[in-house]
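The values are calculated or read from the model by the stated rules, or taken from the named source; none is laboratory data. Note that the coordinates shown come from a computational prediction; the quantities given were computed from them, not determined experimentally. We place every Cβ from the backbone using ideal geometry, glycine too, and count neighbours over all the protein chains shown.
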Amino acid sequence: MTMTSQQCLAARVLAEVDRDVLCEQSGVAYPVLAGFEDGCREPCRDDAAALQLGLEALGIEFIPEARGSGVGVKLKFSKRQNVAISTWEGEGGEAAEDSLP
């Protein structure tokens, strides 16, 4: 699925991160993200994929177009689950696979 500029912006807002955080998370340059979200230019395929992976790592799920409804984004976990996960990840120790849905 190809992420739209509107999905990118909406996903970043849902994740409650600014452009700097997403750029750091994805490794994409700030001007590339700003130009994409502002509708001025399309990122190259690698940058678009990196942005989407970065947003997914921040707890965003992308919703493809289906049965006449448009594309979208949603939080992978509830707000409460996101807070708990952030707390657990900040506790240290060995990283392991999450068993959360």
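The table that follows gives values for the structure above.
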{"quantity": "Residues that are surrounded by fewer than 19 Cβ atoms within 10 Å (Cβ to Cβ) and in contact with a strand residue (DSSP E or B) (Cβ under 8 Å, 6 or more places away or on another chain), drawn from region 4-36", "calculated": "10, 14"}
{"quantity": "Every residue from region 66-77 that is among the charged types (D, E, K, R) and exposed (fewer than 11 other Cβ atoms within 10 Å of the Cβ)", "calculated": "67"}
{"quantity": "Boolean, residue 51 is in contact with a Cys (Cβ under 8 Å, 6 or more places away or on another chain), of a type outside the set (Val, Ile, Thr) and closer than 24 Å to residue 77 by Cα", "calculated": "yes"}
{"quantity": "Subset tally (residues that are under 16 Å from residue 72 (Cα atoms) and modelled with pLDDT of 95 or more) for region 14-47", "calculated": "1"}
